[in-house]
Amino acid sequence: METVIGVFSSRGSAENALLELLDRQVLPEEIVFLTRSGSDGESVVKHLGTMFGGVVGFATGMSAGVGAAILLMVPGVGQVAALGIGAAALLGLAGMGAGSILAKDAAEVSAAPAPHSEKVSEDVNFFREVLAEGRSLVVVRTESTETAKAANEILNRLGVSIPEQAPVQLQINTRQAGDVTIVDMTGRITLGEGSKALREMMREMADKGFKKIVLNLQKVVYIDSSGLGELVKAYTTVRGHGGHLKLVQVHDRVKDLLEITKLHLVLEIEPDEATALKAFSAMGGGD
């Protein structure tokens, strides 16, 4: 499944992306929209529900839940307005299934106690932390290559991004430094072969039990919205298997993107390999 992530500095720009995705025939059930709503959560939910329902309508045969806007209380974040199947689960609130509560029930949801979990998955932590930084998120998850291509173009153009450079096919090489695996990457992490290669490599390494991984991004000059999704997935995959993934020597253009989107506060980034190796050494043999 392809995952494309759009990070937006304003709710309005995220809404524009949502509308364009729908206009390009991306299925509503493939889209999740998340935005921190603050004290005006109920009005935001009503606005989103009206906008989304008006564009999509309920005469298309989809369930009402797909077009429902809900208000969630997220630990560490506050009120989050959400759209889409799986929105609540994406934030670790599976007990409040996304789509099961309509916009008119916003007051009831906001008053409900938030489900509590001692431990949440790394991808849940990721989405929570990005929202906590005041960013809005649009996530498209699809099995269709064509849909992923359309979503990637839209989210890359409308979201927080960096200018595209000349195409360079991604090349990956690995080497060992003790019990640390260093992955040297050259080129672009983009929709297609680049993101697929990263996804397959990280899945294989996690399945084989690699616990300490360094991604050297010195020669990665461009990451699009699909590549951003794969980078996040790589981080959460390794963490989910009890390991650690560190990014080192991040190219200035990519570093700018991570800082603008606030993802540098979520991902583990070190200035160079020596610092990363020293950090891993301090962990010892454990996780």
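The values are calculated or read from the model by the stated rules, or taken from the named source; none is laboratory data. All figures in this text were calculated on a predicted structure; none of them were measured in a lab. A quick note on method: Cβ atoms are made from the backbone with ideal geometry, for glycine too, and the neighbour counts reach across all protein chains shown.
Here's the yes/no breakdown for (1) without any contact (Cβ under 8 Å) to a residue 60 or more places away in the chain; (2) under 21 Å from the mean Cα position of the chain (by Cα):
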{"position": "V220", "(1), (2)": "yes, yes"}
{"position": "I223", "(1), (2)": "no, yes"}
{"position": "L228", "(1), (2)": "no, yes"}
{"position": "K246", "(1), (2)": "yes, yes"}
{"position": "Q249", "(1), (2)": "yes, no"}
{"position": "V254", "(1), (2)": "no, yes"}
{"position": "L257", "(1), (2)": "no, yes"}
{"position": "I269", "(1), (2)": "yes, yes"}
{"position": "L277", "(1), (2)": "no, no"}
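Regarding the stretch 20-38, can at least one residue be identified that is at pLDDT below 85 and surrounded by fewer than 17 Cβ atoms within 10 Å (Cβ to Cβ)? The answer is yes, given that some residue of the stretch 20-38 is at pLDDT below 85 and surrounded by fewer than 17 Cβ atoms within 10 Å (Cβ to Cβ).
Tell me which residues, restricted to the stretch 175-227, are in a loop (DSSP other than H, G, I, E, B) and within 29 Å of T145 (Cα to Cα). Result: T190, L191, G192, K208, D224. The residues of the stretch 238-261 that are under 20 Å from T190 (Cα atoms) and in contact with a Gly (Cβ under 9 Å, 6 or more places away or on another chain) amount to a single one, T261. Annotation: L137 fulfils all but one of (1) at pLDDT 85 or above; (2) in contact with a helix residue (DSSP H, G or I) (Cβ under 9 Å, 6 or more places away or on another chain); (3) closer than 14 Å to G227 by Cα; the unmet one is (3). No other residue among G240, G209 is at pLDDT 90 or above and surrounded by fewer than 18 Cβ atoms within 10 Å (Cβ to Cβ) apart from G209. Candidates G178, G192, G209, G187: the one that is of a type in the set (G, A, S), over 30 Å from G38 (Cα atoms) and in contact with a strand residue (DSSP E or B) (Cβ under 6 Å, 6 or more places away or on another chain) is G187.
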